[in-house]
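Below is one structure, written out as structure tokens, with a few remarks after it.
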Amino acid sequence: MADNCGHEAHSHDHDHDHDHDNAQLGHKDNLFNYIDRQNMVALNAVGSPADVIKPWHVRLDETKFLESDADDQMIIRIPFTGSVRLRSLLLKSGPAGQTPAKISLFASGQTLDFDDISSQKPTQEFDVPQGREIGEYSLKTAKFSNISNVTLFIPASQGSDTSRIYYIGFLGYWTEQRTNPVITVYEAQANPADHPKIQGMDGTWNAPGH
């Protein structure tokens, strides 16, 4: 199946293990460990947004999910613990009419709510086919590089009054955010004799040459 951006979306389920896989991640570039689950935010949603960020070995579990509340729209803001470069979105949704009609993604930027998100151009968006498998959607890596968060917007379901998400995951690369500390040296007591006089600091100003 293909999404509306010309990228292939396909099932990413595997019943066998690879050398680089493990039960929690599934893939060496799965960003599960780098999603800041405690600070996720979901608007117009019932349930905890962290419930859909699952370890790889329980990705098909349907006992925990995130469902829209008053209508079929939903916004999910996902922060990361560092700087990431995303290459794929993994998604399990449904069932049937509760499957989102599409997913709009917004790379790091302003905090979006329902009042302004519809007027913003998404960084990338996909049509979502109905199905119970995990869909993988290739992202435009250049537009999702060096970001610290991503926002998912579900504008409508495929016929139901609510939308439902079971699993969200990302494949990509993570780097630690480095900030250089500001080091300030304070003197216990300034001694004016230790410092040369700065012109103009004594309340007078002499023009050059005078």
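The values are calculated or read from the model by the stated rules, or taken from the named source; none is laboratory data. Since this is a predicted model, take the numbers as computed values, not measurements. Glycine gets a Cβ as well: all are built from the backbone with ideal geometry, and neighbour counts include every protein chain shown. Heavy atoms of the whole protein, side chains included, go into the accessibility calculation; ligands, DNA and RNA do not. Shrake-Rupley method; radii C 1.70, N 1.55, O 1.52, S 1.80 Å.
Overview of results
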| read-out | value |
| --- | --- |
| Residue-normalised accessible area of region 32-173, expressed per residue, 1.4 Å probe, Å² | 41 Å² |
| Per principal axis, descending, Cα span of region 32-173 in whole Å | 38, 36, 26 |
| Table column - 3J(HN,Hα) (Hz), region 136-144, Karplus curve with 6.51, -1.76, 1.60, x for Gly and Pro | 10, 10, 6, 9, 7, 3, 4, 8, 10 |
| Separation of the R37 and A156 label points, Cα + 7 Å toward Cβ, nm | 3.4 nm |
| Entries of K92/K140; K28/K121; K64/K121; K54/K140; K28/K140 with Cα pairs more than 27 Å apart | K28/K121; K64/K121 |
| Highest to lowest packing among 30-42, 88-100, 67-79, scored as the average C-beta count within 10 Å | 88-100, 67-79, 30-42 |
